[in-house]
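Each value in this text was obtained by applying a stated rule to the coordinates, not by laboratory testing. Since this is a predicted model, take the numbers as computed values, not measurements. Please note: Cβ atoms are built from the backbone with ideal geometry, for glycine as well, and neighbour counts cover all protein chains shown.
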Amino acid sequence: MSRIGKKPVAIPKGVTAEIAEGTLTVKGPKGTLSMGLTEDINYEVKEGEISVLPANDTKRARSFWGMQRTLVSNLVEGVSEGFSKTLEITGVGYRASAQGAKLKLQLGFSHDVDLDVPQGLDVKTPDQTTVEISGIDKQQVGQFAAEIRRWRKPEPYKGKGIKYRGEYIFRKEGKKK
C-alpha cells in the first residue's frame, strides 16, 4: 500500500479542480494546469480535497498510485504557490544576465551562451552570479534549471561552475609536489 497515495490532496481556497474527458484541470490564482489521467487510477474531487485510489489490484495500478497522487499535488501547489529554483555561478568572469525572453551566460567559452526562456517561466538575475527561475509547472522549472547547469557543471577542484543553491560540491585535494 502506498503511504503517499493514501493521503488526499488538500485544495486551498481560491483553487478549483475538475475532471472531464480523462483530464484533470486545476485553476488557481497563478494560472491553469491540466494532466491526463491513467485508467488504472480512480480520481475523486470532493469538497476541499482530491482523492487518488487504485482502480484495481494489479501491479501497475499499485505502482502508479503514489506517483499519480504526487503529480496531482504538484498541480495544486503550482497554481496556488508556484515553484522556483535558484542557481549560483562560481568562477572568475562567469556571469549571467536576463534580457527579456533571453538568458545570456558568460561561462569562459570563446562565445556567450544565449538561451531562450520557455513560455510560462520567469527568469531573474538579482546579481551577476545568481539566476532565479520560477513558474507554475514543477517539471518545466526543473528542466530549464538542469539545461542551464549542463553548460558548466561544478568541478571538484576549484568549485567553478553552476550549482543549485544549497548543493554541496565534494572537493578534491589536487596534486601534491
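Some observations on this one:
- Positive-end extreme of charge dipole, the chain - chosen from Val45, Leu105, Val76 (charges on Cβ): Leu105
- Potential lengthening of the chain between Lys176 and Glu88 amounts to 28.7 nm, from the contour at 0.36 nm per residue minus the alpha-carbon distance.
- Ellipticity at 222 nm from helices only: DSSP H runs of n ≥ 4 in the chain, each -39500 (n - 2.57), divided by the residue count, give -7000 deg cm²/dmol.
- Largest mean-square fluctuation among Glu77, Glu132, Glu147, in a Gaussian network model of the chain whose springs join Cα atoms under 10 Å apart, belongs to Glu147.
- Length added when fully stretched, Arg60-Glu147, from 0.36 nm per residue minus Cα-Cα: 28.2 nm
- Segment Arg165-Ser97, extension gain: residue separation times 0.36 nm, minus the distance between their alpha carbons: 22.7 nm
- Magnitude of the charge dipole, the stretch 83-164, Cβ model with Lys/Arg +1 and Asp/Glu -1, debye to 20: 300
- Pairs exceeding a 19 Å alpha-carbon distance, out of Lys13/Lys85; Lys6/Lys85; Lys124/Lys158; Lys85/Lys153; Lys7/Lys85; Lys30/Lys138: Lys13/Lys85; Lys6/Lys85; Lys124/Lys158; Lys7/Lys85.
- Angle between the chain longest axis and helix 59-80 axis [Cα atoms, degrees, rounded to 10]: 70
- Calculated FRET efficiency for the pair Gln139/Glu44, C-beta based, R₀ 30 Å, to 0.05: 0.80
- Convex hull volume per residue in cubic angstrom - Cα atoms of the chain: 165
- Spin-label model, Thr70 to Thr25: label points 7 Å out along the Cα-to-beta-carbon direction sit 2.8 nm apart.
- Which of Trp151, Trp65 has the fewest Cβ neighbours within 10 Å, and the rest in rising order: Trp151, Trp65
- Two-site FRET efficiency, Lys158 against Phe109, from Cβ-Cβ distance with R₀ of 22 Å, rounded to 0.05: 0.80
- With respect to the chain, whose longest principal axis is taken over its alpha-carbon atoms, helix 138-150 is tilted by about 20°.
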